[in-house]
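Every number here is computed from the coordinates shown, using simple stated rules; none is lab data. Only a predicted model underlies this, so the values are computations on that prediction, with no experimental measurement involved. Here the Cβ positions follow ideal geometry from the backbone for every residue, glycine too, while neighbour counts run over all protein chains shown.
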Amino acid sequence: MKVLAVINQKGGVGKTTACANLGAALALKGLRVLLVDLDPQAHLSISFDQVPPVGDPSIYTLLGGRHGLVDVVRSTSAERLFIAPTNLDLSGAETEFSAEIGRETLLRDAFDDWKSAGGEADVVLMDCPPSLGLLSLNALVAADHVLLPVQAEFYALQGMAQLLDVMDRVRRRLNPPLDVIGVLVGLYSKQRRLSHEVLDELNRHFGDLVLHPFVRVNVRLAEAPSHAQTIFEYSPRSGAAEDFSALADLLADRLGLAEARAETEDPIDAKVPAQVKVPIEVEAPLTEEFSVEVAPSVQTVPSPEISAPETARGESEWGAAWARAVGTAPDEN
Ligand SMILES: Nc1ncnc2c1ncn2[C@@H]1O[C@H](COP(=O)(O)OP(=O)(O)OP(=O)(O)O)[C@@H](O)[C@H]1O
Ligand SMILES: [Mg+2]
């Protein structure tokens, strides 16, 4: 089981769109995929028309210890594609669970319990909220890899230093194997010169981690959720379906799952009740450190020129954070 945190604290960069459609593409290729909605906005759950009523099993009741993942997971209209949905109750989670012992590992513990009870998936995609709070921290602690959606726009790298710094701390204290599996570039338009400039920047810093193809701007992608469909149901011949299908091939390859196929009819839905494990605080809590302010150099982008001196200062800070996070220096060429 490969667990991916789809994370970027910037809003509207395509995290939810990537989870839904990459998940659907991977499922179409024969992999068993579990989508986990960690965003209190519940966009992913809404896009599958799977928002649980208040009090029913959801990610909120899972983190609160009232239900196990086995109770929360539901099937979707797509074969081999499952969802652990959420509802607006989750908006209270950041404060509600902030004093809990082992609060950073609530989700990882839930996955462990689920696996012990026979739950299994080939790929788990966790849709994170646009913030670096306790929910995102739980995702980073539970993940094997980070998938980083970015938008092909001028502000793409803003805030990246902070995200990579948090990843770095999670690796050092709670989840050493965590790495970045890829950078998914969305809302790409060939016609826009800016897209090319941003891509040059992304290539310069992320190199081979930039996934190809980029997801082109396509209104069908924005329309599909309102029909509770993925792009493969709503517009299977669209460029967006093509893009996500190719990305799924690449991702499956990188995850070593290219040859994997679903083995049983309903493998993900383990019937054994989850065990309750008492969470143990492994390390010093990270939660307070999560509220660190963004460094001024990356908080403001002063001019529309990417090579502006202030931006360059942000980049070098970002580059250092990147080097710490992935263990390599960014390509300066
Ligand atoms: N390639 C695309 N073409 C057209 N519209 C897109 C594309 N990708 C995403 N969108 C639209 O852009 C908006 C933002 O996308 P999405 O909700 O996936 O971002 P997000 O990062 O999950 O946002 P949030 O941070 O609020 O959770 C949505 O309306 C979505 O339908
Ligand atoms: Mg979202």
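Counting other Cβ atoms within 10 Å of each Cβ, which trypsin sites (Lys or Arg not before Pro) in region 1-71 have at most 14 and sit in a DSSP loop?
Loop-located and lightly packed - R66.
Could you size up the charge dipole of region 1-136 around its Cα centre, putting +1 on the beta carbon of Lys and Arg and -1 on that of Asp and Glu, and report it in debye to the nearest 20?
Once rounded to the nearest 20, the dipole reads 460 debye.
Output ³J(HN,Hα) for region 218-228: one whole-Hz value per residue in order, computed from phi by the Karplus curve 6.51 cos²θ - 1.76 cosθ + 1.60 with θ = phi - 60°, and x for Gly and Pro.
Values per residue, Gly and Pro as x: 8, 4, 4, 5, 6, 7, 3, x, 5, 9, 6 Hz.
Taking the highest mean first, how do the peptides 51-58, 18-25 order by number of other beta carbon atoms within 10 angstrom per residue?
18-25, 51-58
Among residues other than V3 whose Cβ falls under 10 Å from its Cβ, what is the net charge (Lys/Arg +1, Asp/Glu -1)?
Here the count lands on +1.
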